Amino acid sequence: MTPDVLEIENKEIAKQYKQLLKISYQTLSKDDKKLIRMAFDIAVDAHKEQRRKSGEAYIFHPIAVAKIVAAEIGLDATSIAAALLHDVVEDTAYNLADIEQLFGPTVTRIVHGLTKISHLEYQSDVSLQAENFRKMLLTLNEDIRVIIIKIADRMHNMQTMDSMSPEKQLKIASETLYIYAPLAHRIGLYNIKSELEDLGLKYTEPAVYRDIVDKIKESKQEQDHFITSFTQVIRDRLNDENIKFDIKGRPKSIFSIRRKMVVQNVSFDEVYDKFAIRIIYNTTSENEKFLAWKIYSIVTDHFRPNPIRLRDWISAPKSTGYEALHITVMGPDGRWVEVQIRSQRMNEIAEKGYAAHYKYKNGDSQDEGLDLWLNKLQETLETAQRDAVDFVEDFKLNLYTKEIFVFSPKGDLYSLAKGATALDFAFHVHTEIGKHTRGAKVNGKLVPLSFALNNGDQVEIITSEKTKPSANWLNYVITGRAIAKIKSTLKEEEKQIAEEGKVILMRKLKSQKITLDDKVTQRLVVYFKLKTSLDLFYRIGAGMIDNKMLKEFVAANNNAFVNFFKNRIRRPKDNDYVHKEELTVKYDQLVFGKEEEKLDYKVSPCCNPIPGDDVFGFLTIHEGIKVHKTNCPNALQMQSNYNYRIIKAFWIDATQSDFKATLKITGMDTFGMVNSVTKVVSSNHHIDMKSVHFDTNDGTFIGNIVVKVKNKAILDNLVKNIQKINGIDKVTRL
């Protein structure tokens, strides 16, 4: 690198450092600036020889992470210093002892937490990947700032992934959508959550992302005009009332628009709430609540509200600390518009998460809301000895949930996930209450344990010391906490029975002059077609394997090794490798990997891809390669946790075989409609109609047609032709 280029780079580094101090959300004292300067100098020195894959000096990365921590999350000088140093111990000659000597125990604890996470990242094996997530979540016990800085680190990595390989981009983006975006949401960092989601979509479904971005640009002028006309009358009234305010038209994130398109099964144009109006007002703390409802009254004086779409998070804030009034009103041209009403304080909390709480608590870092949230996370983390994959899945159940609020018999208010049951509530109040739940009353009436609670319900739990969880209870709960506690209790009971069963088995085999060792145990596991020795011992202890069955095993003991290999090693014959109904007839329709290999595979029933769909192969343990669509509901979890099993796949020839597809058709029930639809289908010589079913209801109909087609292009053409029929509302592929 030439001296001139180096000088330009050094000037840019100095410029970025000055910006860091300038944009900090917190007011920095002299000592704060001294701490940040020292961290900056150490980071510059430590990373001086390093460069990122893009070619730029590595130091720009920790500075960028520190800027996110300082401005967008709004943390303090300690956090900014830790962000600057977050890669120093892992990548350079500095160690933790050096950091502690220079910066003290708090910064060292945070940097140590971040280093522990980094050491475990990007493992290929799924159990290690899940274990990585589990250990990352466990760092919350040490300092929540570890997780927050890690989210900022991930955000900058997502912003600068263009120079990475497509495989690495997909892996990191899937992992981000799977764990980091939900974590940001749960902490209350909504802006960061939205950006992580959008960037995740950019790399997991690039074509979809670009299509939505282009359509947003095309419709921007029209939306700006709509927002201006909608807000003008509200501006005038708020000015008349001498309210200090700001009104913004905020487009919904690309990811949320995509999610609505998928969940509601609609096109981009059919998503009606692609933007929201946000009214941010300035007032004293005494008038804050009063003024929110006054603005609500002004808005609803001019625009009719949707009564079922009022969300009052001022009277009962979300568990993340989020406060606001959300109302959906009928705007001009018959379009629904979401209006969000927040004070300046509420808006800061919405954007900065718990950091804004510190500001309004006079810098008290022991904010009660933060402590409450940490306690909730601690409860989730209590069963840390469980299987890592289960742990992460259960933890995720608590992240993206909508909330309801219910009352105890004494009037205490509890926040639960939407859809939570009476049994979920019992475990939410206390683990011991949950484990001994005998029944429940909601609003004074006895209800089943599986009863789904609603906002405002008053719930009473009836307990009994004799009651204990059964496997059926897992069908009665939806929250991660309740699932974890029930599983943990069942496993403890299973272990106890298994220990007794092992002693019983040793005694019974001894009477048959057989010593129980690892070889005999394995033979028994295979003989009874079980998975583990724990399953075997549990069934012995529970009496599910009796004396007669054990005697039959002993009689066959001489052939045990033969049975073992017959059961364990089954090499599939070429012709029987996959089920005929699941297999596309021609293997050469789909090829895998860079070498375009023709391999045996199954079409996954969860998304049922056909030629022309964007797909990938997934290497299963027992069923060979399964092919999924890239937008399959299970794709994200597989790409994040099992990335090493993903195989690139694409169609090279889709003209030889027929593939089954189901179309759902809705519309107005007019005379001859069924005939018109079937006529369009049968007129195409490349389509074989297998079944037709139509149901009518008060002037509308829903129809299902199963057809066989050669490829997606033919199917898409059929959909277009059916949509042209007068009276058809929508045609979608199931």
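Tabulated values for the structure
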quantity	calculated
Rough spin-label spacing in nm, given labels placed 7 Å along Cα→Cβ, for Lys468 and Lys22	6.7 nm
Links that overshoot a 23 Å alpha carbon limit, given the list Lys244/Lys274; Lys193/Lys418; Lys193/Lys252	Lys244/Lys274
Fraction of alpha-carbon pairs over 14 Å apart in region 659-733 - percent	55 percent
Full-stretch length increase - Val692, Asp412 - with 0.36 nm per residue and alpha-carbon distance subtracted	95.3 nm
Loop-resident sites, region 453-490, for trypsin sites (Lys or Arg not before Pro), counting at most 15 other Cβ within 10 Å (DSSP)	Lys466
Whole-angstrom Cα spans of region 587-651 along principal axes, big to small	28, 21, 21
Positive minus negative residues near Thr662 (Lys, Arg vs Asp, Glu; Cβ under 10 Å)	+4
Estimated dipole of region 217-352 in Debye, rounded to 20 [Cβ of Lys and Arg +1, of Asp and Glu -1, Cα centre]	440 debye
Spin-label model distance (nm) - Glu270 vs Lys11, 7 Å beyond Cα toward Cβ	5.6 nm
Whole-Hz couplings from phi, Karplus 6.51/-1.76/1.60, listed for region 164-176; x for Gly and Pro	7, 5, x, 5, 5, 4, 5, 4, 5, 5, 5, 4, 5
Projected label distance in nm at Arg304 and Asn704, using a 7 Å step from Cα toward the beta-carbon	3.7 nm
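Coordinate-derived values only; no laboratory data. Just so it is clear, the model here is predicted, and its values are computed rather than measured. Cβ atoms come from the backbone with ideal geometry, glycine included; neighbour counts cover every protein chain shown.
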